[in-house]
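Notes follow once the structure below has been shown.
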Amino acid sequence: MSKLLQKVYSPVDFKNTGHQLIDELTNHISQVFDENLSKVINWKEPHESLTFWKDFLSNGDSASLFEEVLQRSTHLHHPKYIGHQVGPAAPITLLTAMISAILNNGTAVYEMGMVTNPMERIITELLCVKIGYSDSSSGFLTSGGTLANLTALLSARKAKVSADVWNEGHSKPLGIMVSEDAHYCIERAAKIMGLGEQGIIKIPVKADFSMDVSLLETHYQNAIQNGIEVFAIVGSAPATATGILDDLDAIGSFAQKHSLWYHVDAAHGGASLYSSKYRHTLKGISKSDSVVIDGHKMMMMPGITTALVYKDGRTSNATFSQKADYLLEDSQESDWYNSGKRTFECTKNMMALHWFVLLKTYGEAVFDDYVTMLYDLGRSFGETLKKDERFELAVAPMTNIVCFRYMDRALDTATLNHINRQIRQKLLEDGEFYIVQTKLRNKQFLRVTIMNPFTTEKHLVKLLEKIKIISENIDVLKP
């Protein structure tokens, strides 16, 4: 072995670098918990970042690489991080991520997943119990909600469509029903599957942005009359933009009436199965045929860690009827231990470790505490906004996602849209808070997702105060 490769794999070098990095990460977590010591984000324009890293690759000090990464990244553990739907990972999962990286076992086949494939089965069986499925249910973990939703819809097509599309293709138009406000990955999955625009039957939402279930029958019959074979319907729990949950119970009854596959995208809200206070928000989820839940959203795991579970485990085994002789043997059993038969992934990291270590170390109660606290805070923030005439709430929050906008009733919609976009951009550049934005019915809203258990009502009130100050210095407000 060359001296260079010996250095690459040196246990001594690894130990020294590792100890230093753990110290830096510990200091990082300690600092971001105190908002007075750091910003959520040190904003740089894309071209600035590109220029910096190009120069660093040639001229930077390798000893400072990790420090630069920490300083230039968005700090999810900071209590003023209230942006995207990715939570601050529990520190213990840093250690499971390290184990996964060093072992590098691609767990699609049992020989490489002797530890985590049994863990996956345990985890998904526990989820099935929480949902209310029977003993015949099962599932697996996969890399993200987008991939999981696509896999579920492929399972739906395999189970419900009259033709053998997987092996023979299809000439008849196929369709799925979904809320017009569902996550964009559902439409993307449908188009990947070749359904086209006509195959995505979008159901309008009500005033509260939930699917208008009173329109389901009409849209279904219209699709049938247009020659479309509808095979699935998707419920959002919740919709990403608004945090509003569809009526899962009513959708489930409709699916049963027409023998449709019923899939619930609970990537964000599925964790509320563990909340004694908010479990009722998922009423009707047990009627589903499949459910997606992200561990990296509301369950304190690093990205990306996603569970896809099925009411009838046999349907997941039938999704991909493709054989790879050098990896997988034919079997009359379900082969739960060879997840490569049921997923796109031929290589999958040991993501089950994150889920398992949290359950083993802290128990299910940690998920209850986490979800309940953040949902409570989302709803109380909604009440605060209702009392302030300088803000307009898009809809009363059902979860920890809150959409609102700065309001001045003397201004028209276009001007208000401009102001709210400017507010968000100035918050981004300032770096004290990190929030995002969304457009609802042609109105620009600021969007907060409360993901950090260290965020308090005081932080949220301070955000509103800062927004008011920013608004006073936007040009269009000046006479």
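Every number here is computed from the coordinates shown, using simple stated rules; none is lab data. The structure displayed is predicted, hence computed values, not measured ones. Glycine also receives a Cβ, built like all others from the backbone with ideal geometry; neighbour counts cover every protein chain displayed.
Cross-link pairs exceeding 24 Å between alpha carbons, from the set Lys202/Lys283; Lys283/Lys462; Lys158/Lys439; Lys80/Lys386; Lys39/Lys297: Lys283/Lys462; Lys158/Lys439. When semi-axes √(5λ) of the Cα gyration tensor in Å is computed from the coordinates, the matching label among (i) 34, 27, 26; (ii) 36, 34, 20; (iii) 38, 24, 20 is (ii).
Applying 0.36 nm per residue to the separation of Lys206 and Ala163 and subtracting their alpha-carbon distance, the gain on full extension is 12.0 nm.
In sequence order, segment 93-101 has phi-based couplings of 6, 4, 6, 5, 5, 5, 4, 4, 5 Hz under the Karplus curve 6.51 cos²θ - 1.76 cosθ + 1.60, θ = phi - 60°, and Gly or Pro positions carry x.
Of all DSSP bridge pairs formed entirely within the chain, close to 55 percent run antiparallel. Modelled this way, with points 7 Å down the Cα-to-C-beta line, the labels at Lys458 and Cys346 are 5.5 nm from one another. Near Ile123, within a Cβ-to-Cβ distance under 12 Å, what is the net charge of the other residues, with Lys and Arg +1 and Asp and Glu -1? Once positives and negatives cancel, what remains is 0.
Calculate, for Val69 and Arg409, the FRET efficiency according to 1/(1 + (r/R0)^6) with r their C-beta to C-beta distance and R0 60 Å; round to the nearest 0.05.
Numbers: r = 45 Å, r/R0 = 0.76.
Efficiency computed from Cβ-Cβ geometry: 0.85.
One chain, two ends: Gln256 and Tyr184. Fully extended at 0.36 nm per residue, the span grows by 23.4 nm beyond their Cα-Cα distance. Relative to the current alpha-carbon distance between Thr51 and Gln225, full extension at 0.36 nm per residue lengthens the span by 57.0 nm. Using the Cβ of Asn105 as centre and a radius below 12 Å, the other residues enclosed give a net charge of 0, where K and R count +1 and D and E count -1. Here the simple spin-label model places points 7 Å from the Cα toward Cβ, and for Asn473 and Lys44 these points are separated by 2.4 nm.
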